[in-house]
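**Student:** The structure is given below, and queries will be raised subsequently.
The values are calculated or read from the model by the stated rules, or taken from the named source; none is laboratory data. Treat the numbers as computed from the prediction; the structure is a model and nothing was measured. Because the Cβ atoms are built from the backbone with ideal geometry, glycine has one as well, and the counts that use them run over all protein chains shown.
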Amino acid sequence: MKKCMKCNKQSAYYRPYSGEYLCKKHFIESIERKVARTIARHKMLQETDKIGVGISGGKDSTVLLYILQKIEKRFPQSSLIAITIDEGISGYREEGLKLATQLTSELGIEHFITSFRELYGYSLDEIVQIFKKKSKEQHTACFFCGILRRRSLNQVARNLKVDKLALGHNLDDEAQTVLMNIFRSDIIRMGRTNLNLRQVHDLFVPRIKPLREIPEREIAAYAFFRDLPFHSQTCPYAEGVLRNDIQRILNEMEAKRPGTKHSVLRSGDKIQQLLQIKQEIHLCPICHEPATEKICKFCKIMQNLQNHSTKNI
Ligand code: SF4
């Protein structure tokens, strides 16, 4: 391994897309600087913000919480709270929950934990089983998970009076999302993949993604160098989803042409700026939450569950 380009010590990390060799100390500093730069460039935070951080126990949200706490400490009027939503994925989520609890107690951060079951009466496992057995509509677990997670995080953040909801999406996630929207020809979604914090509706808590420019591999290296506890198991429902295929394609491209993921992210941002699709938002007549469709997707799922289940919710 070559010498660190900053201090001439033995390097610990090589960044192919920039050609940098960095020692552990300078690698850690570079990640923290990049996150702070992303926050500043996109004006993600205000000095008085109460920041809610969605944490799952995985490496991304673990690193996000750790770095945000370092940044937030500089602003005495701001505050931080960790939020975990337990989807109810048997044999998987328990470990993440344990590690998330360990992390927040080590960092001394308030931690709010709830679950799909507590909020909506069903775990994700139960929802998947009910739809599999009784409904003609066949969706992936991720479809239900995504809709319920978005809804629950927003509701919880709002109830906790959070100003910004920070999520651990990294560069790989963001580049995959850009390509997924292209693969699905979902132009509306591309136009509203909102970078700016324009609050679309009073009932939506603005979301920020401070890790969006950090590759997944660098987040893993940061967690390793900082010795942070994180859950590395893959969700059992992740098998066979489109995102995984796109991840493989992007990884191959990145290996051949370093910088590909950054370019895809930049393209997505430019497309979003050009399109600036302003969606009509109204209140769903059933749950009174903001929605783009007449009846929101969440209520459609709940109606289907009630029709197919003997349980009362
Ligand atoms: Fe939810 Fe799918 Fe992620 Fe599993 S892989 S946590 S089901 S979105």
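**Student:** Quick check on residue 129: is it within 14 Å of the ligand (Cβ to nearest atom), surrounded by fewer than 16 Cβ atoms within 10 Å (Cβ to Cβ) and more than 29 Å from residue 77 (Cβ to Cβ)?
**Tutor:** Values: within 14 Å of the ligand (Cβ to nearest atom): yes; surrounded by fewer than 16 Cβ atoms within 10 Å (Cβ to Cβ): yes; more than 29 Å from residue 77 (Cβ to Cβ): yes.
Spelling it out, residue 129 is indeed within 14 Å of the ligand (Cβ to nearest atom), surrounded by fewer than 16 Cβ atoms within 10 Å (Cβ to Cβ) and more than 29 Å from residue 77 (Cβ to Cβ).
**Student:** Kindly establish whether residue 62 is touching a Pro at 6+ places or on another chain (Cβ under 9 Å), within 16 Å of the ligand (Cβ to nearest atom) and modelled with pLDDT of 95 or more.
**Tutor:** Yes; evaluated as a whole, the condition is true for this residue.
**Student:** Got a sec? Which helices (runs of 4 or more DSSP H) wholly within the stretch 208-285 have at least 3 residues that are within 16 Å of the ligand (Cβ to nearest atom)? Talk me through it step by step, then tell me what you get.
**Tutor:** Details: elements: 216-226, 242-256, 260-275.
Counting at least 3 such residues, we get 242-256.
**Student:** Output yes when any residue across the stretch 166-178 is more than 16 Å from the ligand (Cβ to nearest atom), surrounded by fewer than 20 Cβ atoms within 10 Å (Cβ to Cβ) and either among the β-branched types (Val, Ile, Thr) or modelled with pLDDT under 95 (or both), and no when none is.
**Tutor:** There is no residue in the stretch 166-178 that is more than 16 Å from the ligand (Cβ to nearest atom), surrounded by fewer than 20 Cβ atoms within 10 Å (Cβ to Cβ) and either among the β-branched types (Val, Ile, Thr) or modelled with pLDDT under 95 (or both).
**Student:** Return the residue satisfying two criteria in turn: it lies in the stretch 26-72 and is of a type in the set (Asp, Glu) and outside any helix (DSSP H, G or I), and of such residues it is farthest from residue 103 (Cα to Cα).
**Tutor:** Across the stretch 26-72, the extreme among qualifying residues is 47.
**Student:** Something else: How many residues does the stretch 73-93 contain that are within 16 Å of the ligand (Cβ to nearest atom) and either assigned to a loop (DSSP other than H, G, I, E, B) or surrounded by fewer than 16 Cβ atoms within 10 Å (Cβ to Cβ) (or both)?
**Tutor:** 6
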